[in-house]
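Accompanying notes for the structure given below.
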Amino acid sequence: MTFKAKELLKGKFWIVEEDNQRVGVLSQTEDNLVYSCHDGTKFFKNTSAFRKSLGGDINWVSSEPASIIESEIYGYPTSTTPYNSMYDIKRKLPLFTKSNKSKSLYCAGYYIIQFDKGWVKSFCPKLLTVERYTSQGPFKTEIEMRQELSRVNKK
């Protein structure tokens, strides 16, 4: 009998399946493996003790990093496929919508925006937010944005 342990959090949390049916949840604490299933909660010192209790082999499936679809408009990154892209020459902002029929405009790139509690970083904020609050950007990379955020926070 072979079990599959699908990793949800790297080195911390797995879903255990048998024949594509979920049979339990495995988590790693500081000194134990904790397995919760229909029989209750069991504690193990290591993976071999856990495997022995299951009575079969375990196929460990690592989690894939969340894929971010990264597109660009006018040299600035977006997190989604941009539609209706345009460049606001007056404000020097690359703008796009998230769907073909959408009327909400988003600004491509990285920004820092000053709210009441201070400056915060933002990736592809709504145009409305950039207009309402003091902001700086767009930045082409997260590093540029972080440098500027650090600079304004020192003031």
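Quick check: residue separation of Met86 and Leu8 times 0.36 nm, minus the Cα distance between them. What number comes out in nm?
Net length gain for the segment: 24.2 nm.
Of all stretches in the chain that contain no GluC sites (Glu not before Pro) in a DSSP loop with at most 13 other Cβ atoms within 10 Å, the longest one is 71-155.
Quote the relative contact order of the chain in percent (integer), defining contacts as alpha-carbon pairs under 8 Å separated by 6+ residues.
Here the relative contact order equals 13 percent.
Pairs of Cα atoms under 8 Å, at least six residues apart: use those to get the relative contact order of the stretch 71-154, whole percent. Relative CO of the stretch 71-154 lands at 24 percent.
With viscosity set to 0.890 mPa s and temperature to 25 °C, compute the Stokes-Einstein D of the chain, Rh being the Kirkwood radius across alpha carbon pairs; µm²/s, no decimals.
Reported coefficient: 127 µm²/s.
Our Cα-only numbers for the stretch 1-58 put the radius of gyration and Dmax at 10.4, 30 Å. Solvent-free Debye calculation, one equal scatterer per alpha-carbon of the stretch 71-154: log10 I(q)/I(0) at 0.12, 0.16, 0.18, 0.26 Å⁻¹ equals -0.32, -0.56, -0.70, -1.29. Label zone of Asp57 (point 7 Å out along Cα→Cβ, amide N under 16 Å): in the stretch 8-30 this covers 17-20.
Percent relative contact order of the stretch 2-61, based on C-alpha pairs within less than 8 angstrom and at least six residues apart?
Averaging sequence separation for qualifying contacts and normalising by length gives 32 percent for the stretch 2-61.
Couplings 3J(HN,Hα) for the stretch 138-144, derived from phi with the Karplus relation 6.51 cos²θ - 1.76 cosθ + 1.60 (θ = phi - 60°), are x, 10, 7, 10, 5, 5, 4 Hz, where x marks Gly and Pro. A helix-only calculation puts the chain at -5000 deg cm²/dmol for mean residue ellipticity at 222 nm, using -39500 (n - 2.57) for each DSSP H run of at least four residues, averaged over all residues.
No value in this document is a laboratory result; all are computed from the given coordinates. Every value quoted in this text rests on a predicted model; they were computed, and no experiment measured them. In this analysis, Cβ positions are derived from the backbone assuming ideal geometry, glycine residues included, and neighbour counts consider all displayed protein chains.
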